[in-house]
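> Sharing a structure with you now.
The values are calculated or read from the model by the stated rules, or taken from the named source; none is laboratory data. As the structure is a prediction and not an experimental result, all values here were calculated from the model. Because the Cβ atoms are built from the backbone with ideal geometry, glycine has one as well, and the counts that use them run over all protein chains shown.
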Amino acid sequence: MTKEELAVILDGRKYGDEISKEEAKSAKENGLVVVFGSSDDLMEFDGAIYDEVGCYNGGFSYFDENGLIENECDNEYCPHFEKIKENAKKIEAVWCEDNAVSWKYKTDIPHSTFKIMEDGQIYCIGIVFNINDLKK
């Protein structure tokens, strides 16, 4: 399965039912990472990365060739983490930029997009990327 194929499968899903356990397992087996928003403060990852990042009103997640980088310091502005972020690939979670969509994502990582719906409206424009693209 490719990122494009998985994005087509996920497109139009309802908020809360973004990806099934079987799809997440297949995504993981194929090195695919699914990124979508939850609530007003979370960037969710499923598939080859299973995690979440707090991003109230928007924020960033950072990646190296091994996957998601986490700040291991108690300090939010840890100089060590700041240095690591300089060379990292990143995904920006954008909250309500145009008031039409709650969440969307900006990144230079090659990806495909899909829509998550809530009450007949687009809630989130999620992305799917291949974890191997972090190594390039």
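> Is it true that I109 is in contact with an Asp or Glu (Cβ under 6 Å, 6 or more places away or on another chain) and closer than 17 Å to E4 by Cα?
In short, yes.
> OK, next. Given the residues G58, G47, G54, G12, which is the only one that is farther than 18 Å from D133 by Cα, of a type outside the set (D, E, K, R), touching a Lys or Arg at 6+ places or on another chain (Cβ under 7 Å) and modelled with pLDDT of 90 or more?
G12
> Let me ask something else about it. In region 1-120, which helices (runs of 4 or more DSSP H) lie fully inside it and hold 2 or more residues that are without any contact (Cβ under 8 Å) to a residue 12 or more places away in the chain?
Those helices (runs of 4 or more DSSP H) span 21-29, 79-86.
> Out of the residues in region 57-81 that are of a type in the set (S, T, Y) and farther than 17 Å from I125 by Cα, state the one that is farthest from the chain's Cα centre (by Cα). Quick ask: steps written out before the conclusion?
Taking region 57-81 first, the residues of a type in the set (S, T, Y) are 61-62, 77.
Narrowing the set further to residues that are farther than 17 Å from I125 by Cα leaves 62, 77.
Working: Y62: 10, Y77: 22 Å.
Per the stated criteria, the residue is Y77.
> May I pose another question? Check region 54-75 and report whether any residue there is of a type in the set (D, E, K, R) and in contact with an Asp or Glu (Cβ under 6 Å, 6 or more places away or on another chain).
The answer is no, given that none of the residues of region 54-75 is of a type in the set (D, E, K, R) and in contact with an Asp or Glu (Cβ under 6 Å, 6 or more places away or on another chain).
> In region 86-125, which residues are over 17 Å from the mean Cα position of the chain (by Cα) and surrounded by 15 or more Cβ atoms within 10 Å (Cβ to Cβ)?
none
> Continuing with this model, one more query. Condition first: of a type in the set (A, V, I, L, M) and out of contact with any helix residue (DSSP H, G or I) (no Cβ under 7 Å at 6 or more places or on another chain). Now tell me which residues in region 22-35 satisfy that.
Initial filter on region 22-35 (of a type in the set (A, V, I, L, M)): 24, 27, 32-35.
Listed by number, the residues that qualify are A24, V35.
> Could I ask something else about it? Any idea how many residues of region 126-136 are surrounded by fewer than 16 Cβ atoms within 10 Å (Cβ to Cβ) and touching a strand residue (DSSP E or B) at 6+ places or on another chain (Cβ under 6 Å)? Steps first, answer last, please.
Step one: list which residues in region 126-136 are surrounded by fewer than 16 Cβ atoms within 10 Å (Cβ to Cβ), which gives 132, 135-136.
Subsequent filtering for residues that are touching a strand residue (DSSP E or B) at 6+ places or on another chain (Cβ under 6 Å) retains none.
Qualifying residue count, region 126-136: 0.
> In region 109-118, is there at least one residue being more than 21 Å from S20 (Cα to Cα), out of contact with any Ser or Thr (no Cβ under 9 Å at 6 or more places or on another chain) and at pLDDT 95 or above?
yes
> Let me ask something additional. May I ask you to verify whether I19 is in contact with a helix residue (DSSP H, G or I) (Cβ under 7 Å, 6 or more places away or on another chain), of a type in the set (A, V, I, L, M) and either buried (at least 17 other Cβ atoms within 10 Å of the Cβ) or over 26 Å from E118 (Cβ atoms) (or both)?
For I19, the condition - in contact with a helix residue (DSSP H, G or I) (Cβ under 7 Å, 6 or more places away or on another chain), of a type in the set (A, V, I, L, M) and either buried (at least 17 other Cβ atoms within 10 Å of the Cβ) or over 26 Å from E118 (Cβ atoms) (or both) - is met.
> In region 32-55, what residues are over 19 Å from I122 (Cα atoms), surrounded by fewer than 21 Cβ atoms within 10 Å (Cβ to Cβ) and not hydrophobic (A, V, I, L, M, F, W, C)?
Those that are over 19 Å from I122 (Cα atoms), surrounded by fewer than 21 Cβ atoms within 10 Å (Cβ to Cβ) and not hydrophobic (A, V, I, L, M, F, W, C): Y50, D51, E52, G54.
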